[in-house]
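These notes are about the structure you will find just below.
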Amino acid sequence: MLAPAGVLLDRNSELPIFEQICAAIRSRIRSGGLGSGARLPATRALAADLGVARATVVTAYEQLVAEGYLAARRGSGYRVCAMGEVELPPDVRPPPVQELTVQGPLLLEAGEPDMRLFPHGAWAKCVSRLCRTRPTDLLTGCGPFGHPQLRQAIAAHVRDWRGIAARPEQVFVTSGATEALDLCLSALASGSGTIGVEDPGFPPIRQFAEAQGHLIRDLCLDDQGAEVPTVGDGTDVVALTPSHQYPLGGAMSAGRRQSFVAWAAQSQGWIIEDDYDSEFRYAGRPIPALASVDSQGRTVYIGSFSKIFSNGLRLGYIVAPDRLVEQMRRTILRKGARASAMPQAALADFMLQGEFYRHLRRVRRVYAERHRTLIERLGRDFADVGEVVDHHAGMQVVLHLRPGLSDSKIAAEARKNGVGVDALSSFSRRAGAFNGAVLGACLNDLDEQQDALQRLRRVISSTE
Ligand SMILES: Cc1ncc(COP(=O)(O)O)c(C=O)c1O
């Protein structure tokens, strides 16, 4: 029998009492102090001896039953199980508790919106109203293709902002544009097909294509946009950023768009239009989406809420042409829906009530000023190290560095100094084709931007 004194409780310990009891018994079994078949004290007796609730002892015993140390028999209490030849792990001490810290984005991190501008109050009202009036909508209102109301709101959004006529059934909610790209490739590319991707371009698209076993055809860029594949060269699908090339920033010309539409029609190919940040155009008229001018219905449109609303929300969408709707449904059912259900009904309400557009107009104004100032400062203070082109759009700006400077060295050094520069060369497969610093224009206010640029200036001088 286990002497109650065999369990020494430390009431100041952070370890709960039941775990202390478990640990003591476990250790006695392992050391041979309690042999196979030995009977443990009755729960009531041990509880009284230790001055703890009986339920605490029962919990400890049941935990040891679950771990295989003890067996419970009706009427005869708890006994030690035969351990056989099993090698038991040494006593594991819990690791010391460490502070869990979250590293926020670095200064000028590209693609990061400024979450200080998030409309917390209006969003909280919207979510709490929903919790009170339609609570089940938050958890079970979504099917695998997205919340019906959000699909409606997105259909209205792409019609009003991007000129795309789509019914809600053509809209599929995803966990961001990145997942949407993966889904589109799965739905569109044949098993051994070739995918045309922009070079430089968004790295995940290349990774998805490779993971799915496709060949990749690099589409180089000129001043009109990505080059069009030759009909019959085996390319089935092209993935493009026509409104705002990622990461360089230009918009594809109307003529090049038409050439892609013609290519898709002639080769029975597909165009994936990744329109990840097109709401941020700061001058001139919005450029219509390629999907809106594709009368052949061979363009699948992808949008994202990451930039206009929140990266953390993880919501994006696909607008499929009619002829692809069934295929897209099958692909999503096969791969499994990944978009979180919880925020979808709230986002739909937020959009339908106009709060979303109030927010969008506000951040667009703020980002336009930050974007313009960043371009001006780079043009003024960095003219000796590189040049910048103003595309009046998007979230990132590229400082093309002069030969002799290494973008990867500068990016690594800048990161050590708190500035989140990306090396332009890292977005390309062609060695030596690009050399630049990709900077985010939206994340920081003008003072922070100035501080970041001063640090970057020092980094560049130190690497020269
Ligand atoms: C070109 C491009 N496509 C897609 C995405 C991803 O968007 P999401 O956050 O919605 O997955 C990004 C993010 O920066 C991007 O730059």
*Interchain or long-range residues, amide H under 5 Å from V237's placed H*: T194, G196, W270
*How many angstrom separate the Cα center of the stretch 129-143 from the Cα center of the stretch 410-437?*
44
*What does the charge dipole of the chain about its Cα centre add up to, to the nearest 20 debye, if the Cβ of each Lys and Arg holds +1 and the Cβ of each Asp and Glu holds -1?*
1660
*Karplus (6.51, -1.76, 1.60) ³J(HN,Hα), θ = phi - 60°, over the stretch 358-372, in Hz, Gly and Pro reported as x*: 4, 5, 4, 5, 5, 5, 5, 4, 5, 5, 4, 5, 5, 5, 4
*Grab the Cα-Cα distance for R329 and Q224, subtract it from 0.36 nm times how many residues apart they are, and report the gain in nm with one decimal.*
34.4 nm
*Can you sort L100, L107, L64, L139 by 1.4 Å-probe accessible area, starting with the largest?*
L100, L139, L107, L64
*asked:* Relative contact order of the chain, please, whole-number percent, based on alpha carbon pairs below 8 angstrom and at least 6 residues apart.
replied: 17
*Give or take rounding to whole Å, what are the principal axis extents of the alpha carbon atoms in the stretch 142-340, in descending order?*
42, 42, 30
*Using just the helices of the chain, give the 222 nm mean residue ellipticity in deg cm²/dmol: DSSP H runs with n ≥ 4 each add -39,500 (n - 2.57), and the total is spread over all residues, rounded to 500.*
-12500 deg cm²/dmol
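If you take every residue apart from S461 with its C-beta less than 12 Å away from the C-beta of S461, what net charge results, scoring Lys and Arg +1 and Asp and Glu -1? Walk me through the numbers before you get to the answer.
Working: positive: R455, R457, R458; negative: D381, D384, E413, E464.
Residues close to S461 contribute a combined charge of -1.
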*For the stretch 273-369, just the Cα set please: Rg and Dmax, both in angstrom.*
15.2, 45
*Quick one: order S426, S27 from most to least accessible surface, probe 1.4 Å.*
S426, S27
*Fully extended, how many nm does the chain gain between Q454 and D49 (0.36 nm per residue separation, minus their Cα-Cα distance)?*
138.9 nm
*Of A47, L70, A24, which is farthest along the charge dipole of the stretch 4-80 in the positive direction, counting Lys and Arg as +1 and Asp and Glu as -1 at C-beta?*
L70
*Can you list the HN-Hα couplings for the stretch 166-172, worked out from phi with the Karplus curve (6.51, -1.76, 1.60; θ = phi - 60°), rounded to whole Hz and with x for Gly and Pro?*
9, 7, x, 5, 7, 9, 10
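Can you pull the percent of Cα pairs in the stretch 280-439 with separation above 21 Å?
Values: 8132 of 12720 pairs.
When all Cα pairs of the stretch 280-439 are counted, 64 percent exceed 21 Å.
Evaluate the chain: find the radius of gyration of its Cα atoms, find its Kirkwood radius, and give the ratio Rg to Rh. Please report the intermediate quantities before stating the final value.
Working: Rg = 29.9 Å, Rh = 26.2 Å.
Ratio of gyration radius to Kirkwood radius for the chain: 1.14.
Tell me the carbon and sulfur percent of the accessible area for the chain, rounded to whole percent, probe radius 1.4 Å. Write down the numbers at each step before the final one.
Working: 11170 of 21570 Å².
The C+S portion of the solvent-accessible surface of the chain is 52 percent.
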*FRET E, pair L215, R30, Förster distance 51 Å, beta-carbon r, rounded to 0.05*: 0.35
*Could you pull the accessible area for R370 with a 1.4 Å probe, rounded to 10 Å²?*
20
*Given C-alpha coordinates of the stretch 83-235, what is the ratio Rg to Rh with the Kirkwood estimate of Rh?*
1.12
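Ranked highest first by average number of other Cβ atoms within 10 Å, how do 160-171, 6-17 line up?
Ranking, from highest mean packing down: 160-171, 6-17.
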*Determine how large the accessible area of R338 is when every protein chain is in place; take a 1.4 Å probe and give Å² rounded to the nearest 10.*
130
_Rg [Å, one decimal], Dmax [Å, integer] - the stretch 361-463, C-alpha atoms_ = 13.1, 41
*asked:* 5 Å is the cut-off here: which amide hydrogens, built 1.01 Å from N in the peptide plane, fall below it relative to A393, excluding neighbours closer than 5 in sequence?
replied: Y282
*Heavy atoms of S340: accessible area, 1.4 Å probe, square angstrom to 10*: 50
*asked:* If I take R0 = 41 Å and measure r between the Cβ atoms of R338 and S462 in this structure, what FRET efficiency does the formula 1/(1 + (r/R0)^6) give, to the nearest 0.05?
replied: 0.40
*What is the spread of the Cα atoms of the stretch 4-80 along each of their three principal axes, largest first, in whole Å?*
33, 26, 21
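The values are calculated or read from the model by the stated rules, or taken from the named source; none is laboratory data. Remember, predicted model here, so these are calculated numbers, not experimental data. So basically every Cβ, Gly included, is an ideal-geometry build from the backbone, and we count neighbours across all protein chains shown. Note: areas computed on protein heavy atoms with side chains; ligands, DNA, RNA excluded. Shrake-Rupley method; radii C 1.70, N 1.55, O 1.52, S 1.80 Å.
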